[in-house]
Structures are given as structure tokens and as C-alpha cells.
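No value in this document is a laboratory result; all are computed from the given coordinates. Remember, predicted model here, so these are calculated numbers, not experimental data. Cβ placement follows ideal geometry from the backbone for every residue including glycine, while neighbour counts extend to all protein chains displayed.
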Amino acid sequence: MIFTMKRAVFFFLGVCLLFVGVSLSAQESDAENPQIQLLTIPIQKVYEHRLGFRVVYNRSDLYPAEVFIPGRWFTQAGGAGEVYFSAHPSVPYMTVIWVDGEFSHVRLYLHERKEDRSWGALPSDADYRDDFAVETLELEL
């Protein structure tokens, strides 16, 4: 009887350790796998400026909204912005990526020909420094 009681206690402790190990590994895997969200938004018009891009896009209610994206995001390695040029009919659009609910980076897919109607230019003499002085992307959805 004592021999089977010891066996039962060791079996119970083994099962408890197994459950603790599995729950700890599940928590570690959640920390290793961040929540990534992507949102692809069609662009109406993109305005190029020496400080960056002004992007006009449609909100969910189909009214236009704008966002200023600093050029420095595109010049740094591992920066918050990427630009891809294409002649595909689906351009222009942008994809915004959030990791764990915080803005990570934006990808602009723009028409390769600057003569395309989706391109525009902001007046170079206008002062847009405050508009382009952003650290994150705030979208009106």
C-alpha cells in the first residue's frame, strides 16, 4: 500500500510539473510571436516634397484624409518607411504595419512615372516643417 501511495504522489507531482512547463512555454512563445497587423489603403494622390511625402487617401467613409510622411523614414536602414515604384495598375497604395498595437512602418507603392495623375508636387517655398516633424503615423480611418 505504501509503495503505491508513493507512486501516486510521484505521478501527481510529475503531472503538475508537466502542466507548469507547458504553460511557461506557451507564455514564452507569445512573447516571441508579436501581434502584427497590416492595413492596405488606396492612395488618391501623393505629393512629393524635399521633406517627404504628403499622401491623400480615402477614409472608411470615403472622404479624403491626408498624412505627412517624413523623408528621413525612407533614408535610414531599418527606417519606418519603404518606397516601391511600379507600373502595375494597382498602384498607388500604402501598407501600414503595426506590431503589438504600435506603429512599426509604412510601405508606399507608387507609380514609377512621375507624369502619372497620382503624382503631385507641393510648392517648395511653402513651410511644411511642422507637418513633416512626426515620429509616428496617425491615420484617420
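Take the Cα of Tyr63, step 7 Å toward its Cβ, do the same at Trp119, and the gap between the two points is 3.1 nm. Distant-in-sequence amide contacts of Lys45, defined by a placed amide H-H separation under 5 Å and a gap of 5 or more residues or a different chain, comprise Val56. Backbone geometry of the range 49-60 corresponds, through the Karplus equation with coefficients 6.51, -1.76 and 1.60 at θ = phi - 60°, to 3J(HN,Hα) couplings of 9, 5, 8, x, 10, 9, 10, 9, 9, 8, 6, 5 Hz, x marking Gly and Pro. Restriction of the GluC sites (Glu not before Pro) in the range 102-136 to DSSP coil positions whose beta-carbon has at most 16 other beta-carbons within 10 angstrom yields Glu112, Glu115, Glu135. For Gly52, the residues 5 or more places off, or on other chains, whose built amide H falls under 5 Å of its own are Gly71.
Once the Cα-Cα distance is subtracted from the 0.36 nm per residue extended length, the Gln44 to Ser86 segment shows a gain of 13.5 nm. Rounded is the label for the range 36-132, because the ratio a/c of its alpha-carbon gyration tensor axes (a ≥ b ≥ c) stays below 1.5.
For the range 36-132, what does the relative contact order come out to in percent, with C-alpha contacts under 8 Å and a separation of six or more? Can you show the working numbers first?
On the way: 189 pairs, mean separation 31.6, N = 97.
Relative contact order, the range 36-132: 33 percent.
May I ask for the net charge around Gly81, where only other residues with Cβ less than 13 Å from the Cβ of Gly81 are counted and Lys, Arg are +1 while Asp, Glu are -1?
On the way: positive: Arg72, Arg107; negative: Glu82, Glu135.
Neighbour charge sum, excluding Gly81 itself: 0.
Residues in the range 91-105 carry Karplus couplings, in order, of 7, x, 7, 10, 10, 9, 10, 10, 10, 6, x, 10, 4, 10, 6 Hz; the curve used is 6.51 cos²θ - 1.76 cosθ + 1.60 with θ = phi - 60°, and Gly or Pro positions show x.
Karplus-derived 3J(HN,Hα) values for the range 71-81, using 6.51 cos²θ - 1.76 cosθ + 1.60 with θ = phi - 60°, are x, 5, 5, 9, 9, 8, 5, x, x, 8, x Hz; glycine and proline are entered as x.
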